[in-house]
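*Asks:* To start, I am sharing the structure in question, which I have written as structure tokens.
The values are calculated or read from the model by the stated rules, or taken from the named source; none is laboratory data. In this text the structure is predicted, and so the values were computed from the model without any measurement. Neighbour counts are summed over all protein chains in view; Cβ atoms, including those assigned to glycine, are modelled from backbone coordinates with ideal geometry.
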Amino acid sequence: MGSGKTTVGRRLAANLGFEFIDLDQAIEREAGRTIASIFADEGEAAFRTLERHALRRAAAAADVVVAAGGGAVVDPGNRRLMKESGTTVWLNPEFETIVDRLADRPTGERPLFVDPERARDLFESRLSSYQQADLRVDVGADEEAAEVAARIAGLLEGERCAT
């Protein structure tokens, strides 16, 4: 959440000549409503089920960069599918950068971002899952998405990738 997955992923896909899939956007399109409304009406478990299905569809595609939501990698089955489908990349900005990015978002857009303290707890609870990525890419606060995408493209040398 707030690491730059969508922005960097879109640029990375363009650099590689691949299709780009943002799982959250795919879920919203398929469900016909926002993630916030899914959380509010049906809860996180229902959202995670939709996310798992969307990830399976994305993983079956060829030549694709997938931006998976920050909680998708917590599920061991999702993590295994991502690793079997391509190279996994953990975008790792400083936590303060994430908070700064999310502070400008409308209230309710990110259902799990209630306040910085709870967001840090969430981040720390997911950290061991993030650390299992094939590549860790530290991202500077002022680093442009194009720079990050170019670094990743250089590391991947054209492999399939899930960010």
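*Asks:* I'd like the full set of residues that are at pLDDT 95 or above and buried (at least 19 other Cβ atoms within 10 Å of the Cβ), limited to region 21-37.
*Replies:* If the condition is that a residue be at pLDDT 95 or above and buried (at least 19 other Cβ atoms within 10 Å of the Cβ), then 21, 22, 23, 26, 27 are the ones that fit.
*Asks:* Applying the selection to region 38-49, what residues are crowded, with 19+ Cβ neighbours inside 10 Å and either of a type in the set (Asp, Glu) or within 15 Å of the chain's Cα centre (by Cα) (or both)?
*Replies:* 47
*Asks:* With respect to residue 65, is the statement that it is among the hydrophobic types (A, V, I, L, M, F, W, C), closer than 21 Å to residue 138 by Cα, surrounded by 16 or more Cβ atoms within 10 Å (Cβ to Cβ) and touching a Phe, Trp or Tyr at 6+ places or on another chain (Cβ under 8 Å) true?
*Replies:* yes
*Asks:* With the requirement that a residue be surrounded by 13 or more Cβ atoms within 10 Å (Cβ to Cβ) and over 16 Å from the mean Cα position of the chain (by Cα), what does region 50-62 give you?
*Replies:* 61 - this is the single residue of region 50-62 that is surrounded by 13 or more Cβ atoms within 10 Å (Cβ to Cβ) and over 16 Å from the mean Cα position of the chain (by Cα).
*Asks:* Looking only at region 31-56, which residues are free of Cβ contacts under 8 Å to residues at least 40 places away in the same chain, assigned to a helix (DSSP H, G or I), over 19 Å from residue 78 (Cα atoms) and not small (Gly, Ala, Ser)?
*Replies:* 38, 41, 42
*Asks:* Moving on to the next point. Looking at region 102-112, is at least one residue crowded, with 17+ Cβ neighbours inside 10 Å and either in a helix (DSSP H, G or I) or among the aromatic types (Phe, Trp, Tyr) (or both)?
*Replies:* Looking through region 102-112, none of the residues is crowded, with 17+ Cβ neighbours inside 10 Å and either in a helix (DSSP H, G or I) or among the aromatic types (Phe, Trp, Tyr) (or both).
*Asks:* In a helix (DSSP H, G or I), touching a Leu at 6+ places or on another chain (Cβ under 9 Å), in contact (Cβ under 8 Å) with a residue 12 or more places away in the chain and not charged (D, E, K, R): is that true of residue 66 in this structure?
*Replies:* Taking the combined requirement at face value, the residue does not satisfy it.
*Asks:* Which of the residues belonging to region 66-122 are among the hydrophobic types (A, V, I, L, M, F, W, C) and either at pLDDT below 85 or more than 24 Å from residue 53 (Cα to Cα) (or both)?
*Replies:* 95, 98, 99, 102, 103, 112, 113, 114, 119, 122
Here is a yes/no grid of residues against (1) closer than 20 Å to residue 130 by Cα; (2) in contact with a helix residue (DSSP H, G or I) (Cβ under 8 Å, 6 or more places away or on another chain):
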| site | (1), (2) |
| --- | --- |
| 13 | no, no |
| 34 | no, yes |
| 44 | yes, no |
| 50 | no, yes |
| 57 | no, yes |
| 73 | yes, yes |
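*Asks:* Additional query: Just wondering, is there one or more residues in region 153-162 that are modelled with pLDDT of 85 or more and under 16 Å from the mean Cα position of the chain (by Cα)? Before the answer, list the steps.
*Replies:* Of all residues in region 153-162, those modelled with pLDDT of 85 or more come to 153-156.
When the remaining residues are screened for being under 16 Å from the mean Cα position of the chain (by Cα), the result is none.
Checked region 153-162: no residue is modelled with pLDDT of 85 or more and under 16 Å from the mean Cα position of the chain (by Cα).
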